[in-house]
Ligand code: ARG
Ligand code: ASP
């Protein structure tokens, strides 16, 4: 025992180096923590070039696109690049059967043709700063968690307010290292962002969901937007008088090519990772959450696919929804596989054994951390079944469109049934609901939704104890005695939410007493019943346990850092700007298989199949290929390179992030990870985890040669 202990201590002391490629680092500390290593790996610029408060730096060319993607400035006239799948919803919103930009592509040939996108914002980081001390002001060791978070929240509010006094900026404080440190972000939010160009779907989404999350990949996943500002270069609502934004910095684009081993870094907004959780947390992810969504989503996807394959109209209506569901579905499958293959649960358990030994090595450590893991275990045991109910209610109960649509009327019901109802507020809701109605029915097919409903209800019934089903659904199942067809027909024929005509009349004539009609509607009743089951029966306990787990995690994080003083820790992703770095590299997915680090246009031609939607190739692209009409965008090897892989540690939110070379020039757009490596949100493995980037030369080739929008390339700074 003693010998083991000494061995463990030695192991801990000397195992201080992370694999260098793992990590999403805070730009503020690159100088201190990463610069030397980055330069040793090949970087030619400095940390100060990447992030600086004193001078313009690369960070001034990066924006958060909408709420979940990254984009980067590539001209001094506000031009930005992001992924096609990030612009997808916007491109679809501008599309109709007559003007099908989603399918055919869209290119503004001059500024007047650029299309505005109400509601779309881009967020530019002005500066960031650590505010841990200020946030903890007044917090003491022996405080209750409730007191603690009250003080913290109050401090955060005050610091945020103070930080942006007399400016047009927005302030945001985020927690890092599970609540052990806090950082303030000062942002500028632009509200006039216009669509400039998008390739046709069979380029921007080539390979579709078949190839999604996979390598070798040939997706031209990019779209082009432009930020507009007022005459003072400040954010403004959309106006014809706005002018292209003049950034402090835009990325030069290198078309020199990408070689194996080249240093590369990704600068963007990763959303969420869970690198430091316990084995119990991993177990819940792969054995409770993932299996439910994998199973239920597969059913919905199958129904959508069948309908989409039969009709062009349905394809247009359902492709965005389908992409949304299937993305998470496939990710979950890959993640579970990766965790199983890496034996992450087992290795976390082994670490936890070491942790327990360490924690029992002194009375002081023992009193701080001795019972930590047992408490985790206890709480996870309680939260698991609740999470299961909640995920089920969401994925099966609330996933039918009619149910979700009906649920969007709950605010109107609330407002209308109040004694002192606010008429202006009600009118405002009605107006919004009229807008939403148009959008909902534009992309709605009753027959698809009915099939989804039958399938979800059947699954609920077959895979759950009656006591674990929301009572409102359980009652219905009993009433219909398992006749799901009849249950579905009744619901859809009796609910007004199934018909646009009914909804138009209802909303046109809406008076506040009409809320009763909503409350009596069978779809609304069901929606309300499921939602309140989640809200009132399941969520309160989840929240309580979740808060407990959060504070355990805060302590566990601190303990892990204390236990491994030589290890360089990076904070889990939290939708704040980060830098990940590594090298261009292929990988071996399985025994005897080796993947190269790049794909080419030849591969697109190999995959081509006019009968399979995901693999249709445009005539124009074929013609360019036949004539080898590649302009300056060909690789020295004579082919057009389409995508490449590297070891950068990225996650959801990094989509659209610039992939940069040793000099900080743009060489690619990040858009995905390969399947074998999707467990990197929990466990990064340098041999299998690769980010997938679009080679910037393919992007420019499509803009210039395919779309004939060379004027956009002329705006950019190209390094040949
Ligand atoms: N897997 C990528 C990401 O997580 C791309 C998703 C969009 N593409 C698709 N075929 N659904 O965002
Ligand atoms: N495709 C992801 C995104 O949209 C990126 C990833 O998960 O690697 O952000």
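No lab work stands behind these numbers, since they all come straight from the coordinates. If you're wondering where the values come from, they're calculated on a predicted model, not measured in any experiment. Note that we place each Cβ from the backbone using ideal geometry, even for glycine, and neighbour counts take in every protein chain shown.
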| note | Ordered by fewest other Cβ atoms within 10 Å, a rough proxy for footprinting exposure, 413, 430, 224 read 413, 430, 224
| message | Once R0 is set to 25 Å, what does the formula 1/(1 + (r/R0)^6) return for the Cβ-Cβ distance between residue 146 and residue 378, expressed as a FRET efficiency to the nearest 0.05? | response | 0.80
| query | What full-extension length gain, to one decimal in nm, is calculated for residue 67 and residue 54 as 0.36 nm per residue of separation minus the Cα-Cα distance? | reply | 1.9 nm
| Under the classification rounded if a/c is under 1.5, otherwise prolate if a/b is larger than b/c and oblate if not, where does region 370-421 fall, given a ≥ b ≥ c as square roots of the Cα gyration tensor eigenvalues? | oblate
| task | Would you kindly state how much longer the chain becomes between residue 421 and residue 337 on full extension, computed as 0.36 nm times their sequence separation minus their alpha carbon distance, in nm to one decimal? | result | 24.9 nm
| query | Which FRET efficiency value, to the nearest 0.05, is calculated for residue 136 and residue 166 with the Förster distance at 25 angstrom and r the Cβ-Cβ distance? | reply | 0.40
| Alpha carbon Rg of region 181-251, scaled by the compact-globule rule 2.2 N^0.38 Å | 1.57
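Under 1.5 on a/c is rounded, so check that first for the chain, then, if it is not, pick prolate when a/b is larger than b/c and oblate when it is not; a ≥ b ≥ c are the square roots of the alpha carbon gyration tensor eigenvalues.
Because its axes are fairly even, with a/c under 1.5, the chain counts as rounded.
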| said: What is the distance in Å between the Cα centroid of region 260-332 and that of region 432-502? | reply: 23
| request: Grab the Cα-Cα distance for residue 637 and residue 39, subtract it from 0.36 nm times how many residues apart they are, and report the gain in nm with one decimal. | output: 212.4 nm
| By count of other Cβ within 10 Å, fewest leading, how are 672, 283, 230 ordered? | 230, 283, 672
| remark: The simple spin-label model distance between residue 483 and residue 544, using points 7 Å out along Cα→Cβ, in nm, is 4.2
| remark: Dividing the helical contributions, -39500 (n - 2.57) per DSSP H run of n ≥ 4, by the residues of the chain yields a 222 nm value, nearest 500 deg cm²/dmol, of -13500 deg cm²/dmol
| said: Would region 341-380 count as rounded, prolate or oblate if I go by the C-alpha gyration tensor, calling it rounded below 1.5 in a/c and otherwise prolate when a/b exceeds b/c, oblate otherwise? | reply: oblate
| If each residue's Cβ is checked for other Cβ atoms within 10 Å, how do 492, 569, 225, 644 rank with the fewest at the top? | 569, 492, 225, 644
| Roughly speaking, what is the centre-to-centre gap between region 181-229 and region 617-670 when only Cα atoms are used, to the nearest Å? | 14
